[in-house]
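The values are calculated or read from the model by the stated rules, or taken from the named source; none is laboratory data. Given the structure is predicted, the values throughout are model-derived calculations rather than measurements. Virtual Cβ from ideal backbone geometry, glycine too; neighbours counted across all protein chains shown.
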Amino acid sequence: MTWQKRDDTVVHELDPYNAEPARAALDGHLITPLDTFYSRNHGPIPQIEPGQWRLRLDGLLDRPVVLSLDQLQTQFDTRTVPATMQCAGARRADLIAVRDIPGEAPWGPCATSTARWTGVALADVLAAAGLQDDAVHLAFEAPDLSHIPEPPQTYGSSIPRAKATSPEVLLAWAMNDRPLPAVHGGPVRVVVPGYIGARSVKWVNRITAQTAPSSNYFQATAYRLLPAEADPDTADPDHGLSLSSVALNSDILTPPDGATVPAGRTLVSGYAYAGDNRTIARVDVSTDHGATWHQADLDTTPGPWTWTLWQTTLDLRPVTSHIVVRAWDSTGATQPEDPATLWNPKGYINNAWGRITLTVTDAS
Ligand SMILES: Nc1nc2c(c(=O)[nH]1)N[C@H]1C(S)=C(S)[C@@H](COP(=O)(O)O)O[C@H]1N2
Ligand SMILES: [Mo]
């Protein structure tokens with residue numbers, strides 16, 4: 001089962017299903033088509049009938065409740081938020097090229113996609129349930145059983161109260177105006193714009209208001225940024241920092257890495273994404289390893305939660321062998337140059353300059 005993805009999808013693993021689109025398929029669409037959107041799973045994909053789905057809200061709430069999909073859809077205002085989702089492991093392949101990362105998939109830049117998500121604001125549901133003052137974290141649970149932790153565990157995560165009560169965080173049942181496909185968490189998933197994809201729990205069936213972050217393996221142990229010298233099998237998870245907002249990032253989608261192109265004017269395009277509470281201010285490309293830079297044109301975005309698509313035309317000479325890209329965000333921060341400085345034992349959050357290698361042939 002390839003979950004209705006395009007034939008050119010790059011499948012890292014079939015079971016659990018882990019796949020990202022080809023660069024050419026991802027490029028140029030502000031909203032990623034459903035058959036193109038990447039998918040990241042830690043266990044089997046549950047098949048849940050919409051009528052059977054239930055969400056239990058408990059913990060530090062005045063009015064704990066169990067909601068059906070029909071109740072969710074009729075008791076709260078419906079909202080649509082265009083938002084990008086990016087896996088914390090996106091662009092890991094460039095870290096693996098520095099030093100091997102055993103047991104982790106070599107994701108490229110396309111473990112990043114954008115959808116129009118429709119559902120209700122988690123904030124509205126929590127307000128109706130009476131979120132108590134001492135609730136500091138909202139923990140999400142799902143039914144998919146992962147064999148990555150020992151013993152196996154169902155998937156879960158948590159986010160801090162301030163994020164959970166921000167209006168962009170959704171309990172979503174539609175993606176690009178279609179019912180949310182099972183592979184993307186249907187009937188209902190959490191969508192946490194600006195945070196690493198791991199926090200957007202699919203097939204969510206329980207939300208608990210609590211004083212501490214979730215103790216689920218995927219919150220407490222995985223998706224923590226460990227120091228480079230730590231051994232991920234023996235490290236105390238407290239040595240790592242818990243990932244929430246994604247890092248400022250960008251990459252080149254056209255031409256694809258490794259392409260052969262004739263010398264002359266060549267369209268170069270890709271994405272840049274700033275994550276939580278920041279926007280993309282500028283994107284620069286270089287054909288001389290960053291000695292000189294050329295500013296790309298930025299597309300407009302439908303709101304603060306999506307990536308920015310960019311493009312420019314470069315005059316490529318037969319000597320050009322690399323193109324690099326770096327983005328700047330609204331705080332004036334930019335991306336580090338070298339993935340070697342970012343290497344970490346689980347290969348998360350590589351936001352070094354995007355880089356493609358080209359063979360530029362003599363046009364004459
Ligand atoms: N229940 C559940 N939710 C999950 C996951 C999972 O394995 N199980 N993977 C997470 C990770 S790491 C990412 S990057 C996103 C991927 O969402 P997608 O498959 O819709 O692209 O889902 C997140 N939510
Ligand atoms: Mo992820």
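Within the stretch 19-43, can you find the residues that are within 11 Å of Val183 (Cβ to Cβ) and within 12 Å of ligand 1 (Cβ to nearest atom)? Ala19, Leu34, Phe37, Tyr38, Ser39, Arg40, Asn41, listed by residue number. Please determine, by comparing only the residues of the stretch 284-321 that are hydrophobic (A, V, I, L, M, F, W, C), touching an Asp or Glu at 6+ places or on another chain (Cβ under 8 Å) and in a loop (DSSP other than H, G, I, E, B), which one is farthest from Ala247 (Cα to Cα). So, considering only residues that are hydrophobic (A, V, I, L, M, F, W, C), touching an Asp or Glu at 6+ places or on another chain (Cβ under 8 Å) and in a loop (DSSP other than H, G, I, E, B), the one farthest from Ala247 (Cα to Cα) is Trp293. Screening Ser269 on (1) modelled with pLDDT under 95; (2) farther than 30 Å from Pro167 by Cα; (3) surrounded by 14 or more Cβ atoms within 10 Å (Cβ to Cβ); (4) not aromatic (Phe, Trp, Tyr) shows it passes everything except condition (1). Ala212 meets the conditions (1) aliphatic (A, V, I, L, M); (2) in contact with a Lys or Arg (Cβ under 9 Å, 6 or more places away or on another chain); (3) more than 15 Å from ligand 1 (Cβ to nearest atom) in every case but one. The failed one is (2). Residues that are within 16 Å of ligand 2 (Cβ to nearest atom) and of a type in the set (A, V, I, L, M, F, W, C) were ranked within the stretch 27-45; the one that is farthest from the chain's Cα centre (by Cα) is Ile45.
Are any of the residues in the stretch 240-251 in a loop (DSSP other than H, G, I, E, B), more than 23 Å from Ala83 (Cβ to Cβ) and either of a type outside the set (Ser, Thr, Tyr) or within 15 Å of ligand 2 (Cβ to nearest atom) (or both)? Looking through the stretch 240-251, at least one residue is in a loop (DSSP other than H, G, I, E, B), more than 23 Å from Ala83 (Cβ to Cβ) and either of a type outside the set (Ser, Thr, Tyr) or within 15 Å of ligand 2 (Cβ to nearest atom) (or both). Selection of first residues in the stretch 290-310 that are farther than 12 Å from Tyr271 by Cα and of second residues that are among the charged types (D, E, K, R) and part of a strand (DSSP E or B), restricted to Cβ pairs under 7 Å at least 6 apart or on distinct chains, gives the following pairs, ordered by first then second residue: Trp293/Asp284; His294/Asp284; Gln295/Arg282; Gln295/Asp284.
Within this structure, Ile207 fails the test of being more than 25 Å from Arg189 (Cβ to Cβ), crowded, with 22+ Cβ neighbours inside 10 Å and at pLDDT 95 or above. Would you mind stating whether Asp177 is at pLDDT below 95, more than 16 Å from ligand 2 (Cβ to nearest atom) and out of contact with any helix residue (DSSP H, G or I) (no Cβ under 6 Å at 6 or more places or on another chain)? In short, no.
Within the stretch 98-154, being within 16 Å of ligand 1 (Cβ to nearest atom), touching a helix residue (DSSP H, G or I) at 6+ places or on another chain (Cβ under 9 Å), under 21 Å from Pro237 (Cβ atoms) and of a type outside the set (Gly, Ala, Ser) holds for Ile101, Glu104, Leu138, Phe140, Ile148, Pro149, Gln153.
Yes or no, residue by residue, for (1) in a strand (DSSP E or B); (2) in contact with a strand residue (DSSP E or B) (Cβ under 9 Å, 6 or more places away or on another chain); (3) free of Cβ contacts under 8 Å to residues at least 24 places away in the same chain:
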{"position": "Pro16", "(1), (2), (3)": "no, yes, no"}
{"position": "Ala19", "(1), (2), (3)": "yes, yes, yes"}
{"position": "Leu34", "(1), (2), (3)": "no, yes, no"}
{"position": "His42", "(1), (2), (3)": "no, yes, no"}
{"position": "Arg56", "(1), (2), (3)": "yes, yes, no"}
{"position": "Arg63", "(1), (2), (3)": "no, yes, no"}
{"position": "Leu72", "(1), (2), (3)": "no, yes, no"}
{"position": "Val81", "(1), (2), (3)": "yes, yes, no"}
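Within the stretch 346-363, being assigned to a loop (DSSP other than H, G, I, E, B), at pLDDT 95 or above and not basic (Lys, Arg) holds for Gly347, Tyr348, Ile349, Asn350, Asn351, Ala352, Trp353, Leu358. Summed over the stretch 331-364, residues that are touching a Ser or Thr at 6+ places or on another chain (Cβ under 8 Å), under 30 Å from Leu226 (Cβ atoms) and loosely packed, with under 14 Cβ neighbours inside 10 Å total 1.
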